[in-house]
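The values are calculated or read from the model by the stated rules, or taken from the named source; none is laboratory data. Bear in mind the structure is a predicted one, so any value in this text is a computation, not a measurement. With ideal geometry, Cβ positions are generated from the backbone for all residues, glycine too; neighbour counts draw on all protein chains shown. Ligands, DNA and RNA are stripped out before the accessible areas are found, and what is left, the full protein with its side chains, is counted by its heavy atoms. Shrake-Rupley method; radii C 1.70, N 1.55, O 1.52, S 1.80 Å.
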Amino acid sequence: MILEIDMDWRRNSMRNHTAEHILVSQLKRIRPDLQLGYIWIDAEQGTVDMKGDFDSATIFTAEKQTQEIIFRDLPVRSSMVPASSLSESIRAREGLSAKYNRLRIISIEGVDDAACSGIHVLSTGEIGFFKVTDFKVIGDATRIQFLTHLRAAHHVQDIYNEILSRKASYPYEMSQIGPVLDKSKRVLIQQQEMKELITSLLADYEKAVNVAGVRFVNHYLPGFDAKDLRNTLKGLPSKRNSATLLFAPGNKSSFVLWTHGLPHDALFYAKEITEKLGGRGGGSKESFTGGFASVSNPREVFEKLVKGICDKLKSG
Ligand SMILES: [Zn+2]
């Protein structure tokens with residue numbers, strides 16, 4: 001039993017160690033300027049620091065190429081050579097380069113030759129499966145962590161199934177997990193903005209400004225949509241001589257202007273500035289509903305809208 005565990009441990013170290021050679025060779029193939037830094041390999045996982053500035057796409061391309069080399073089941077050979085015969089292209093790991101007269105070279109046919117004294121598999125197919133599990137920038141290097149063989153397969157299965165198990169309660173396509181996470185991030189930001197808004201409303205409930213004798217209330221309401229605006233308006237008290245602007249920000253921003261007891265229709269106060277800002281809208285006597293498409297800075301549109309309506313209230 002102990003022997004079995006030890007063999008498993010040793011074979012995994014060999015897989016991880018050889019996988020490290022392949023990954024680093026592929027990173028350097030894409031980006032010859034990258035330099036190998038710290039390496040830590042055990043039976044659990046591999047850790048490699050690569051010095052230089054590169055992005056996640058480089059890592060993912062190298063990962064795919066590493067897996068292809070594994071599937072090609074290439075022989076891994078070792079040989080002893082005089083240190084003086086080493087070419088520039090053969091990577092010598094830290095601490096190996098100057099100390100020895102003869103060095104052990106690990107060659108993966110057509111892929112990589114590297115000076116190394118570690119333990120390796122006999123052919124790349126023994127690695128089975130390779131997966132980068134994390135990467136982060138540490139100083140001038142990017143630290144990449146990876147798994148191989150069953151550990152890699154089980155890790156991918158566990159993560160995939162974590163997502164898959166939620167599909168019944170929250171339907172989405174598996175390939176859309178990126179946009180789902182983006183949306184969740186947006187919602188968190190909006191939630192924070194809403195909390196700040198609620199706090200400010202609680203502190204100043206009568207948040208109306210007096211514009212030429214008119215009570216003008218305006219609110220920027222992150223997380224709201226056009227329907228939410230209509231529902232919110234229904235719950236507001238109607239006060240004489242007032243104008244209320246509710247704005248729902250987003251890539252498509254919507255707003256409602258609700259007037260009460262003013263000399264002109266709501267249209268008079270809102271239409272001109274809406275069109276000037278590239279939006280569209282319409283309304284009946286006391287309300288005007290408008291919207292803007294492809295808004296990159298909704299806060300700026302809101303502020304210009306408020307100013308435009310203020311100007312009209314003063315003129316009217
Ligand atoms: Zn090695």
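Does residue 176 qualify as being assigned to a helix (DSSP H, G or I) and closer than 28 Å to residue 12 by Cα? No: the conditions fail for residue 176.
In the stretch 37-57, of all residues being within 15 Å of the ligand (Cβ to nearest atom) and closer than 20 Å to residue 138 by Cβ, the one that is most open to solvent (accessible area, probe 1.4 Å) corresponds to 40.
Of all residues in the stretch 104-129, none that is more than 19 Å from residue 146 (Cα to Cα) has its Cβ atom under 6 Å from the Cβ atom of a residue that is among the aromatic types (Phe, Trp, Tyr) and within 13 Å of the ligand (Cβ to nearest atom), 6 or more apart or on another chain. For the stretch 45-64, the tally of residues that are in contact with a Lys or Arg (Cβ under 7 Å, 6 or more places away or on another chain), farther than 18 Å from residue 148 by Cβ and part of a strand (DSSP E or B) stands at 1. Being in contact (Cβ under 8 Å) with a residue 12 or more places away in the chain and within 18 Å of residue 208 (Cβ to Cβ) holds for only one residue in 302, 268, and it is 302. Pairing each residue of the stretch 1-24 that is in the same structural domain as residue 149 (by TED's automatic domain parsing) and among the small types (Gly, Ala, Ser) with any residue that is open to solvent by 20 Å² or more (accessible area, probe 1.4 Å) and modelled with pLDDT under 95, provided the two are 6+ apart or on different chains, yields C-beta distances under 9 Å for 13/41; 13/42; 13/119; 19/41. Checking the structure you have, find out if any residue of the stretch 73-86 is open to solvent by 90 Å² or more (accessible area, probe 1.4 Å), at pLDDT below 85, away from the ligand (no atom under 12 Å from the Cβ) and assigned to a strand (DSSP E or B). Checked the stretch 73-86: no residue is open to solvent by 90 Å² or more (accessible area, probe 1.4 Å), at pLDDT below 85, away from the ligand (no atom under 12 Å from the Cβ) and assigned to a strand (DSSP E or B). Residues in the stretch 169-190 that are more than 18 Å from residue 251 (Cβ to Cβ) and either open to solvent by less than 90 Å² (accessible area, probe 1.4 Å) or assigned by TED's automatic domain parsing to the domain that holds residue 38 (or both): 172, 174, 177.
The one condition from (1) under 18 Å from residue 125 (Cα atoms); (2) more than 16 Å from the ligand (Cβ to nearest atom) that residue 13 does not meet is (2). For the stretch 17-36, residues that are open to solvent by 10 Å² or more (accessible area, probe 1.4 Å), within 15 Å of residue 140 (Cβ to Cβ) and either away from the ligand (no atom under 16 Å from the Cβ) or within 24 Å of the chain's Cα centre (by Cα) (or both) total 3. Those strands (runs of 3 or more DSSP E) of the stretch 96-155 in which 1 or more residues are at pLDDT 90 or above, among the acidic types (Asp, Glu) and away from the ligand (no atom under 16 Å from the Cβ) occupy 130-138. Taken as a whole, the condition of being open to solvent by 70 Å² or more (accessible area, probe 1.4 Å) and in a helix (DSSP H, G or I) applies to residue 159.
Of the residues 221, 236, the single one that is touching an Asp or Glu at 6+ places or on another chain (Cβ under 9 Å) and of a type in the set (A, V, I, L, M) is 221. Selection of strands (runs of 3 or more DSSP E) fully inside the stretch 250-316 by the criterion of at least 3 residues being in the same structural domain as residue 217 (by TED's automatic domain parsing) and open to solvent by less than 30 Å² (accessible area, probe 1.4 Å) returns 253-260, 287-292. Of the residues making up the stretch 230-249, not one is in a loop (DSSP other than H, G, I, E, B), surrounded by 14 or more Cβ atoms within 10 Å (Cβ to Cβ) and aliphatic (A, V, I, L, M).
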